[in-house]
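Have a look at the structure below, then the notes.
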């Protein structure tokens, strides 16, 4: 019995001893790396979740990756702390990670300049510091020989680019310096970065493009937008035969577009919008089989629009708006079967929408505003066959035509409809009744009359309605106060992707640019109509509404106190109506209100004080003779104020006493002189 027990004890001891040896040989991070990481953490103003400074095994910390070494201590090779809301500065201690290959501190709140020692990490391959608040010069005394990926976009780095960049980092393939404060000329030596594939310099102050750039034969992406480049675009751009993306938009390039697209056989996306290019479209461009997206809007290009859609089979997005193109809209565009986005607005085109446009089955966005189009009825009958159409912009056309009354028009996918500034006659388009996906509706600046339909509450996603400057009559329909898109804060709407800017012009002539539909402020604009009745208290339910314009109508009654429920409201204009009563004190709760007007109504009482009402000018209240207070007319007291005891008249004061005595002596003197007290004879005889 003893021997088996003894054997069991020996086995347990052996296993215990072996496990103790294993524990002693557990691999932890290198002590120098541990010091470097703790030093980095000490320079931050925020803590890093998942970091334990008391632990010696930093390889288990969040964002830290160690190598697969079998030595007793592992080396840190990667530090990825993107989007951790880190604040503070980057200190020298980080350079102690001498085996580091990847450093990602992007999308944080880091400030200050970069330590010079950081550029001595010989094995660093990937450096991503994008989207922070870092400043100062960059890549000075660079010794990053292994570096191939650099992204420092969206910071505040400044100065010229280091001319030794390509010599110090000859393997660099990806360089993103966009949206910083770099300026001057792009150094010629950048052409020596023979491995460059992505070069992104957008959003800086660069002025000239050296010819050496055209030597980068491996370049696939070149972004130069939003700089200060000027002059003609060199036709040597055609040497970059591997380009897939080329963006030179928002600069000051002039002259003709070079006819080199035949040599750019891999080019898929080309944008030259917002420059000063003139002349005709290059022949090689309108026959390019590789192009998928072409954006030339906001230039001075002219001539007819000619595209060989039989060759351009991959074209999905075409933006030619805001140029000087002339002639009719070509029927041949309907042969671009893959076309999803088409913007021809603001050109000198004419005629009708071609009948063959009904074949554009992939079309989702169509903008033809201000193109001198005629025959709105025909246009809508044709375009209803584009079953995927979500955005339709036809504003500033069809002058003084009739709004189609056909209730059977089918636009089942429609999310945005703009037929504004057309001076159309007729009534509200009843064919919109079944368009439940509608988010944005602009029918302003027409001559539409009749009543606004009651069924607006069917548009549960509708957040923008502009029916201003028409002749609508009747009361405001309750359905406008039941729009779920303006009530439910939890509704998440994604506006359709236009791919080009959309503009909104206000009644005072101001123009606002929006790059996305959903960036428009949630709005109800019924101004400049002939609406009557009262302002519905249920407007207060529209918690997401930012703009409410009801001015210049014939509205009566009081301003509902419930309007204070519109917690997001920024603009409230009910001026030029026939409203009466007082301004509700509850409106001071509208903390985002920046513009407010009740001018030219029949309101009375004291203007509320507090909140945003302290900032509104005189003009917000003028034309209401009964209003007072604030910066408007001072309020007059209803009754004369009671005088204080010190100011009350004292009837029996000293002045009164002097008056009584003086009157008494005068009376006695007169009586003696008249003989009323002593007879005159007695007085004479006594003499």
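The values are calculated or read from the model by the stated rules, or taken from the named source; none is laboratory data. Note that the structure is a prediction, hence the values are computed from the model and not measured. Positions of Cβ are backbone-derived with ideal geometry, glycine not excepted, and every protein chain shown enters the neighbour counts.
Here is how the numbers come out for the structure above:
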| item | result |
| --- | --- |
| Search result, residues across region 418-443 that are over 17 Å from residue 391 (Cα atoms) and touching a strand residue (DSSP E or B) at 6+ places or on another chain (Cβ under 6 Å) | 425, 426, 427 |
| Hey, residue 325 more than 23 Å from residue 267 (Cα to Cα) and in a strand (DSSP E or B) or not | yes |
| In region 77-118, the residues that are touching a strand residue (DSSP E or B) at 6+ places or on another chain (Cβ under 9 Å) and in a helix (DSSP H, G or I) | 94, 118 |
| Qualifying residues in region 68-88 (those that are in contact (Cβ under 8 Å) with a residue 40 or more places away in the chain and surrounded by fewer than 15 Cβ atoms within 10 Å (Cβ to Cβ)) - the one nearest to the chain's Cα centre (by Cα) | 87 |
| Tally of residues being assigned to a loop (DSSP other than H, G, I, E, B) and closer than 22 Å to residue 62 by Cα across region 119-132 | 8 |
| Residue identified as touching a helix residue (DSSP H, G or I) at 6+ places or on another chain (Cβ under 9 Å), touching a residue at least 12 places away in the same chain (Cβ under 8 Å), closer than 15 Å to residue 272 by Cβ and not in a loop (DSSP other than H, G, I, E, B) among 237, 213 | 237 |
| Residue check, residue 388 closer than 21 Å to residue 516 by Cβ and surrounded by fewer than 21 Cβ atoms within 10 Å (Cβ to Cβ) | yes |
| Test: residue in region 624-631 that is modelled with pLDDT of 85 or more, more than 24 Å from residue 553 (Cα to Cα), surrounded by 10 or more Cβ atoms within 10 Å (Cβ to Cβ) and touching a helix residue (DSSP H, G or I) at 6+ places or on another chain (Cβ under 7 Å) | no |
| Selected residue (criterion: nearest to the chain's Cα centre (by Cα)) from residues of region 258-276 that are in contact (Cβ under 8 Å) with a residue 40 or more places away in the chain and under 14 Å from residue 297 (Cα atoms) | 273 |
| Strands (runs of 3 or more DSSP E) lying entirely in region 328-443 (those with 2 or more residues that are under 33 Å from the mean Cα position of the chain (by Cα) and under 24 Å from residue 461 (Cβ atoms)) | 341-343, 365-367, 391-393, 416-418, 440-442 |
| Every residue from region 100-121 that is over 20 Å from residue 64 (Cβ atoms) and surrounded by fewer than 21 Cβ atoms within 10 Å (Cβ to Cβ) | 109, 111, 112, 113, 116, 120 |
| Check on residue 184, on the phi > 0 side of the Ramachandran plot, assigned to a strand (DSSP E or B) and either in contact with a helix residue (DSSP H, G or I) (Cβ under 9 Å, 6 or more places away or on another chain) or surrounded by fewer than 22 Cβ atoms within 10 Å (Cβ to Cβ) (or both) | yes |
